[in-house]
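Working notes, structure below.
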Amino acid sequence: QKNGWNVTVIGRSASSCEDLRKLGMTTLAFDLEAKSVPSRDDVYDLIVWSAGIHQEGDILDLQPRDIARVFRNHLEGPMQFLVPLLRNAREARRPVHLVVVASSSSYRVRTGEGLYGPCKAGKAQIARTLGREIPEHNPNSIVTLVNPGGMNTPFWEGRGYDVSRFMDPDVVASLTWDRMMEQRQAEVPFLEFHVDRIDGLPHIEYGVRAPV
């Protein structure tokens with residue numbers, strides 16, 4: 001906002017965006033169950049896709065409803081909202097900057113993330129594909145993919161995880177914003193980078209990583 005951007009935040013519920021509304025941002029609730037979609041008038045210059053939920057339990061202990069919930073929140077729901085927004089921008093001939101926040105789990109295999117990791121990997125692959133397709137269909141558009149490691153947010157409270165070595169989300173957001181602005185200035189259609197914690201500090205590396 002301080003840079004003159006009009007910010008709209010779309011979440012699973014309007015109540016979860018109360019703090020953002022206090023900052024003067026527009027907030028919209030997206031009902032996954034009702035499969036609501038944007039109107040044709042919704043056109044944005046910058047879209048940040050960071051939605052997701054935690055996988056509660058090992059994959060073999062998940063019930064069908066748990067499995068559906070993970071895929072719905074990570075991929076199905078966001079995509080049914082994102083595709084119309086990108087189509088709106090194309091039809092309006094208005095370049096769009098899509099920022100996809102995936103995770104280090106998109107390439108790093110961890111126990112207890114049998115669905116979470118594949119969803120993040122799928123999200124990253126969608127970003128790479130859109131990084132080619134969107135600039136072709138909507139010239140001057142760009143896509144940024146960031147894969148951050150663990151971040152110390154209230155999300156982890158009460159889940160039994162030691163987050164003392166996790167990264168400060170404000171620092172990661174600032175680093176991501178700087179990379180985004182550099183990408184825009186250089187007019188690079190697609191950029192992928194990773195933010196990991198090394199020796200207690202966030203460390204940036206670029207390019208695709210093989211699964212480990």
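The values are calculated or read from the model by the stated rules, or taken from the named source; none is laboratory data. These figures come from a predicted structure and were not determined experimentally. So basically every Cβ, Gly included, is an ideal-geometry build from the backbone, and we count neighbours across all protein chains shown. Areas reflect the complete protein model, heavy atoms only, side chains present, ligands, DNA and RNA absent. Shrake-Rupley method; radii C 1.70, N 1.55, O 1.52, S 1.80 Å.
Between SER39 and HIS137, what FRET efficiency comes out of the Förster formula 1/(1 + (r/R0)^6) with R0 = 22 Å and r the beta carbon distance, rounded to 0.05?
0.60
Want the number for GLU76 to ASP58: 0.36 nm per residue separation, take away the alpha-carbon distance, what's left?
Gain on extension, GLU76 to ASP58, equals 4.3 nm.
Just to be sure I understand: of the beta bridges DSSP finds with both ends in the stretch 75-212, what percent are antiparallel, rounded to 5?
35
In terms of solvent-accessible area of protein heavy atoms at a 1.4 angstrom probe, what is the ranking of VAL43, VAL100, highest value first?
Per-residue accessible area, sorted high to low, gives VAL43, VAL100.
Which percent of Cα-Cα pairs in the stretch 105-160 sits in each 10 Å bin, short to long?
20, 38, 27, 13, 2
Averaging over every viewing direction, what projected area does the convex hull of the Cα atoms of the stretch 42-135 cover, in nm²?
Across all orientations, the stretch 42-135 yields a mean hull projection of 6.1 nm².
Does the stretch 100-204 come out rounded, prolate or oblate by the C-alpha gyration tensor, with a ≥ b ≥ c the root eigenvalues, rounded set by a/c under 1.5 and, if not, prolate when a/b is larger than b/c and oblate if not?
Note, shape of the stretch 100-204 comes out oblate.
For ALA92 and PHE155, compute 0.36 nm times the residue count separating them, minus their Cα-Cα distance, and round to one decimal in nm.
19.0 nm
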